[in-house]
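Written out below as structure tokens is the structure these notes cover.
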Amino acid sequence: MKVIYIIWLRQLKRYYRSKSRVIGALGQPLLFLLAFGFGFGPMYQKAIGGNYIDFIAPGIIAMSILFSATFFGIEIIWDKQFGFLKEMLVAPISRLKIMIGRTLGGATVAVVQGIIVLLLSLLIGFRPVNLTQLPFAILFMILIALIFTAFGTAIASVLQDMHGFQLIINFLLMPLFFLSGALFPLTGLPKALAFILKINPLAYGVDGLRATLAGMAQFSIIHDFIILGIITIIFVAIGTYSFSKIQI
């Protein structure tokens, strides 16, 4: 446990030493909240009724966690290129513990980013329906963060180039985000699109956050939690296996 804690703490220190990274990670979610929230708000109110900010805020929180968690994997490529990862892997430490420590570090950073976006959304006008549901919302944030930190680790473990990592991740993440129901309701969709949403893990995270924060959901909270829990186990296992196969 001590090794995992040290690696986790090291990951946090490395990230928060760069203030530009912290501020930059908040720029995109804030832009989406302002541009989409106020831009499409009147149309949403006429078509469906209600406040679009209340609908979109949980999706933007999930988006901030998605990108922060996945791009944490780029540090593996960075460490490969500068030899830090080799020094860590040749040490008498289990690769499993290294992977757990890095995953927890990346997930912690992503959850903190999500909480900051939640606070920013409150300033813009979002109002959670029930504050007693906030711990469950944070639980959904943790599951999303664990899934996509492990996902980023799995991708980074087999790549050597940071630019290639960014291209592949952006190619995968943008469809995951836009087809998660973060920006539009899940009802009345074509069958093909509805099927894609059902196999998109982020869709269950968005739905869980929307249920706990805004009182709106397509599925039940238990359903979202079970699906995300299963996906978390699968993705962490894949990330652990990929990390264990890194050649030094």
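The values are calculated or read from the model by the stated rules, or taken from the named source; none is laboratory data. If you're wondering where the values come from, they're calculated on a predicted model, not measured in any experiment. All Cβ positions, glycine included, derive from the backbone under ideal geometry; neighbour counts span all protein chains shown.
The set of residues from the range 199-248 being surrounded by fewer than 24 Cβ atoms within 10 Å (Cβ to Cβ), in contact (Cβ under 8 Å) with a residue 12 or more places away in the chain and part of a loop (DSSP other than H, G, I, E, B) comprises Asn200, Gly215, Met216, Gln218, Phe219, Lys245, Ile246, Ile248. Selection of the range 159-198 for residues being in contact (Cβ under 8 Å) with a residue 40 or more places away in the chain and more than 18 Å from the chain's Cα centre (by Cα) yields Leu159, Gln160, Asp161, Met162, Pro185.
Take Ile196 and tell me if it is closer than 18 Å to Leu104 by Cα and either buried (at least 24 other Cβ atoms within 10 Å of the Cβ) or not hydroxyl-bearing (Ser, Thr, Tyr) (or both).
Details: closer than 18 Å to Leu104 by Cα: no; either buried (at least 24 other Cβ atoms within 10 Å of the Cβ) or not hydroxyl-bearing (Ser, Thr, Tyr) (or both): yes.
So Ile196 fails the test.
The criterion of at least 1 residues that are touching a Pro at 6+ places or on another chain (Cβ under 7 Å) and closer than 17 Å to Ser68 by Cα is met by the following helices (runs of 4 or more DSSP H) wholly inside the range 90-183: 95-124, 134-157.
Considering only the range 1-59, give the helices (runs of 4 or more DSSP H) lying wholly within it that have at least 2 residues that are at pLDDT below 70 and closer than 18 Å to Val112 by Cα.
On the way: elements: 2-16, 19-39, 41-47.
Result: 2-16, 19-39.
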